[in-house]
Each structure stands twice: as C-alpha cells, then as structure tokens.
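All remarks here apply to the structure that follows.
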Amino acid sequence: MSQYHLGLNLGHERSAAIVKDGQIVVAIEQERLDRQKYSIGFMLQAPGIASQMQPPNEAIRYCLDSCGIALEELASVTANMPGYDFAPDIMRKIFPAEIADKVKALPSHHLAHAYSAYWPSGFDQALVLVADATGSTDAEHCTESYTLYKGHGSDLITLHSETVSAHLAGLSTLGFVYEYVTRKAGFVTQVGNTRVSHAEAGKLMGLAPFGGEQVSLHPWFKPVENSYSLAISPYDIFLEIAALEKKYDNGEGKPYLRPYLVDLAYKVQSEIEKALQHIVGVAMAETGLKKLCIAGGVGLNSVANYQLFKTLGLEDIFIFPAAGDSGIAAGAALWAYASAGGVKRPELKQATLGHPYSASQITQAVAQFQDLVEFETLTPADLLNRSAQALAAGHIVARFEGGSEYGPRALGHRSIMVDPTFQRMKDIVNARVKFREAFRPFAPVIPQESVAEVFELETDSPFRGCLKSYSVSKSLRESPHHDA
C-alpha cells in the first residue's frame, strides 16, 4: 500500500512537500501562498514559545488537498530547520497526539539537501555536494558548512563533512561569506515590519562579472592539498573588508555602484568557484565518479555550477530546482520514505510541482478583479498566436500555466516574457515590472533543439534556471543572471 510522507522546512523559505512511492508528488513554498517573500515564519528558534511558532500551515493544507488526503492519513511528518533543529519538537507540540507520534527528526540538515539532490536525479551512482550558509549545529556547537556524499543505488554514504565553530559560522562557511559580501552591497530584502532581512545572493552573482581581479587582495579560501578541507580565516576576511570600507567607502549612492564592492563581488564569486572545484575534484579523484548532484543554497550559484561542469570534465550534473532551504521539505520527505524501506527513485522530469488550477477556479480568481482586467477565453492555438503577436508588438506577457515551479527560478509556468529584440526592453521590465536594479539581465527562452546555438553546454539541463541560463556564450558572458 502506498504511503504519503510529508516534509517541512521550518527555517527561512518555509515549505511543504509530499512524497509517495519515492516521487515528489507536490511541493510548494509558503511564500507563494501568503505572499510574504521568503516567508521566514520563525522569529525565534525557541520550541517553548508558542507565539513564535509559525509552521507553514497554508503550504501543508495545499499539499494535503493536492493529494486528496487528511492529516491523519500521513505515514510520517519530517520537519527540519538549520542550526539547532527545534523543528521536530515544535511540530510535536502543535500537532494533535495521533500525528505528533509520526513526527521524525533528521540526522542533519545537509542530509535532507542530499536526498533532494540525489534521489530524483536519475543517476545510479554519483557524487553529491551540499554547500550552504549554515547546516545543522551539533552538541559540540559545530555547524555544517559543506558535505560530500557518494550516492549508490538507494544509499547515500558520507565522504566528508566540513564543520566550523558555530560562533564563527557567519564568516567561516562558503555560503555565509558570500552572504556577507551580498549584505555589504546592499542586496537585502526586509521581512515584513521586522528587523529580519534576507540576503539576495543572486544579485551579487549578477554583479560579479562587472568587477575585476585585484591582485593585492588576499585569498579567502585556501585549498588544503589532498584534502577536502579549505583553510578559511574569518578574522582575515572581516579585516580585509573593513579596511577596504575605511579606505574607499564614501557612503554616497547605492553600495553596489561603488567600485570596491563590485570588485569584492568578483572576488567572492571567483573564490567560491575555485573552492568548489577543489572539493569536487578531490572527490572525483578518490571515487572515480564523474556525475554530480548539487543542493544547498550555494547550489543556486549557477555560474559556479557551470564552471564545475566545464572545468572538471563532469559527464553529467543535476541541480535540484529548489536547491536552497525551500527544497529541504522535499529532501526530508524523501529521507523518511527511504528510512521506511523505500527504494524507488523516479527521475524528476519537471520542476512544476505545484498543483494545476481548474477553469472554474481561474474564472473565479479573475472575477475578483473584473473592474481592472478584461478577460477572454481562447483556444491553445489562439492563445499562442495572440501571445506571439503581443510580444512582437513590444508588449509584456505574463504567463500562468499548470502548477507553479518549486524553487526560485521561473521556468515557464509563472514567467514574465518580452521580445529581446527591442533595444531597451530589459530596462523597461526592470524598472516597470520587476522594480529592481538596472544591471540585472534576463535569461532567453530557447527551443530545446536550439540550445547549443546560445549556450556552451553539451548535456541536458532541464531546470535551466539552475545551470543553463547562466552557461552562456561569450557574447552573453556579462549577463549571467536570471530572475524573471
């Protein structure tokens, strides 16, 4: 009999996912439902303070409704949050007793990421890289920075787990160093009316190509020969950035327009790429494996992903579309399925893991805005023709189809489209629609058979926001960011 396993991420980017027979049947971020960007939900990681406990209730209900089941019909609930993992205790306090007994605790945050990366990859065996700002913090107050696994069949074996002292994690993990520079550049999103903010690391990745190498700056991540480890000195990083601020920061204008910060963006991007190449290169030499799966927040750095693929001569690469912490929900549910003896590993074919809406639901939603919009029903063929005509005339087309994507990349079901042959279209969309920085470019929409004409990529990459959109030809090298 098939069982349903619910996975929950209770940290930032709250989310829920359900796995059945080894397949992610539905997954959704809470932010898509409550319209709060990143939807952190937990202001304090404190299991005993009920006022601070905000599970992703809308996402949970969404997943249950999508599967047509009640909460009581779940075989397991696996909840996780980074740092000290209070998530299982929180959910046990919130759920009724009959469900609380089904709540499971993951061995580690990175293991959930690893399951999301490897289980749906379609690879019989592969290396699995998990890298983020912060993973689980253990009893010795050490926090996961990056972890390497070897996937074989339905087994995941830890090759190396790099941890740092928790009190130094803010400038000791690959993800946090990248985030530190991101915040210095002013790329943050405030969460509601709180003091909490979320670093927009993707913006820094888009800024990096505009900078250049400064040979007088010191290396931050020093590979240890014949070792998975990196020598990282958080104090040296802090002092170097502080010295640059003191010498060059005049406080005028937007931070990301200051030359020294543009060069810092280039530096941290370059160092991340080299660090990951060292880590994965050592694993390839040790195991002989040439296929790689990636998850964790650093896995959303598509420029670095492409450099891994290109520089190390990988045969294939799979990046989970929700590589950041929203993907923890799927990984947690997959771990629970595997822990229950499940061995099926259906390949993930598409990232559209939200459920589709019926015609009546769409009509009802549009009716709420009937004074603001004109609504017309078209056949699929007419819709395609009308969209093409609108694009050719310079209009902006918003596309809504089927289920929503899982993860931060727009992959066609929730996308904003324009004709790039209009010279200033990028500026128009950035200023009038996206309300974002003028330097940020967009990714092209390309027929699968024509990918090689634009991208330097010889392998399939179905979730193109995670690799293909950034693996651009030399003529597009200065536009590696996609956030449409």
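Would you confirm whether any residue within the range 115-136 is in contact with a strand residue (DSSP E or B) (Cβ under 7 Å, 6 or more places away or on another chain), open to solvent by 60 Å² or more (accessible area, probe 1.4 Å) and of a type outside the set (S, T, N, Q)?
The answer is no, given that none of the residues of the range 115-136 is in contact with a strand residue (DSSP E or B) (Cβ under 7 Å, 6 or more places away or on another chain), open to solvent by 60 Å² or more (accessible area, probe 1.4 Å) and of a type outside the set (S, T, N, Q).
Taking the range 304-337, which residues are of a type in the set (Gly, Ala, Ser), assigned to a helix (DSSP H, G or I) and in contact with an Asp or Glu (Cβ under 9 Å, 6 or more places away or on another chain)?
Just the residues of the range 304-337 that are of a type in the set (Gly, Ala, Ser), to begin with: 304, 313, 322-324, 326-327, 329-333, 336.
In the following step, the residues that additionally are assigned to a helix (DSSP H, G or I) were identified as 304, 326-327, 329-333, 336.
Scanning the range 304-337 gives Ala304, Ser326, Gly327, Ala329.
Hey, can you tell me all the residues within the range 281-303 that are part of a helix (DSSP H, G or I) and either among the polar types (S, T, N, Q) or buried (at least 24 other Cβ atoms within 10 Å of the Cβ) (or both)?
Once the filter is applied, which keeps residues that are part of a helix (DSSP H, G or I) and either among the polar types (S, T, N, Q) or buried (at least 24 other Cβ atoms within 10 Å of the Cβ) (or both), the range 281-303 yields Thr287, Gly297, Val298, Gly299, Leu300, Ser302.
Quick check: anything in the range 392-404 at pLDDT 90 or above, polar (S, T, N, Q) and surrounded by 12 or more Cβ atoms within 10 Å (Cβ to Cβ)?
Checking the range 392-404: at least one residue is at pLDDT 90 or above, polar (S, T, N, Q) and surrounded by 12 or more Cβ atoms within 10 Å (Cβ to Cβ).
Does the range 150-157 contain any residue that is at positive phi, open to solvent by 20 Å² or more (accessible area, probe 1.4 Å), at pLDDT 95 or above and not in a strand (DSSP E or B)? So that I can check it myself, show each step before the final result.
Here is the first cut: in the range 150-157, the ones at positive phi are 153.
Subsequent filtering for residues that are open to solvent by 20 Å² or more (accessible area, probe 1.4 Å) retains 153.
Those still in the list that are at pLDDT 95 or above too: 153.
From the residues that got through so far, the ones that are not in a strand (DSSP E or B) too are 153.
Yes, there is a match, as at least one residue in the range 150-157 is at positive phi, open to solvent by 20 Å² or more (accessible area, probe 1.4 Å), at pLDDT 95 or above and not in a strand (DSSP E or B).
Return yes when Ala431 is open to solvent by 60 Å² or more (accessible area, probe 1.4 Å), small (Gly, Ala, Ser) and either in contact with a Cys (Cβ under 9 Å, 6 or more places away or on another chain) or not in a strand (DSSP E or B) (or both) and no when it is not. Walk me through how you get there before you give the answer.
Details: open to solvent by 60 Å² or more (accessible area, probe 1.4 Å): yes; small (Gly, Ala, Ser): yes; either in contact with a Cys (Cβ under 9 Å, 6 or more places away or on another chain) or not in a strand (DSSP E or B) (or both): yes.
It is true that Ala431 is open to solvent by 60 Å² or more (accessible area, probe 1.4 Å), small (Gly, Ala, Ser) and either in contact with a Cys (Cβ under 9 Å, 6 or more places away or on another chain) or not in a strand (DSSP E or B) (or both).
So is Tyr266 in a loop (DSSP other than H, G, I, E, B), buried (at least 17 other Cβ atoms within 10 Å of the Cβ) and at pLDDT 95 or above or not?
Details: in a loop (DSSP other than H, G, I, E, B): no; buried (at least 17 other Cβ atoms within 10 Å of the Cβ): yes; at pLDDT 95 or above: yes.
Considered against the rule, which asks whether it is in a loop (DSSP other than H, G, I, E, B), buried (at least 17 other Cβ atoms within 10 Å of the Cβ) and at pLDDT 95 or above, Tyr266 comes out as no.
Just need a number here: residues in the range 359-410 that are under 26 Å from Ala322 (Cα atoms), small (Gly, Ala, Ser) and in a loop (DSSP other than H, G, I, E, B).
5
Would you say Gly212 is open to solvent by less than 30 Å² (accessible area, probe 1.4 Å), among the small types (Gly, Ala, Ser) and touching a His at 6+ places or on another chain (Cβ under 7 Å)? Spell out the reasoning first.
Details: open to solvent by less than 30 Å² (accessible area, probe 1.4 Å): yes; among the small types (Gly, Ala, Ser): yes; touching a His at 6+ places or on another chain (Cβ under 7 Å): no.
Judged against the criteria, Gly212 is not a match.
Within the range 20-36, count every residue that is over 15 Å from Gly354 (Cβ atoms) and either touching an Asp or Glu at 6+ places or on another chain (Cβ under 6 Å) or open to solvent by less than 10 Å² (accessible area, probe 1.4 Å) (or both).
Qualifying residue count, the range 20-36: 1.
Any chance the range 161-170 includes a residue that's more than 21 Å from Gln269 (Cα to Cα), in contact with a helix residue (DSSP H, G or I) (Cβ under 8 Å, 6 or more places away or on another chain) and surrounded by 18 or more Cβ atoms within 10 Å (Cβ to Cβ)?
Checking the range 161-170: at least one residue is more than 21 Å from Gln269 (Cα to Cα), in contact with a helix residue (DSSP H, G or I) (Cβ under 8 Å, 6 or more places away or on another chain) and surrounded by 18 or more Cβ atoms within 10 Å (Cβ to Cβ).
Residues that are modelled with pLDDT of 95 or more, part of a helix (DSSP H, G or I) and within 24 Å of Met284 (Cβ to Cβ): does the range 178-200 have at least one?
Among the residues of the range 178-200, at least one is modelled with pLDDT of 95 or more, part of a helix (DSSP H, G or I) and within 24 Å of Met284 (Cβ to Cβ), which makes the answer yes.
The values are calculated or read from the model by the stated rules, or taken from the named source; none is laboratory data. Note that the structure is predicted; figures quoted are calculated from it, not measured. Neighbour counts are summed over all protein chains in view; Cβ atoms, including those assigned to glycine, are modelled from backbone coordinates with ideal geometry. Side chains included, ligands, DNA and RNA excluded: accessible areas come from the protein's heavy atoms. Shrake-Rupley method; radii C 1.70, N 1.55, O 1.52, S 1.80 Å.
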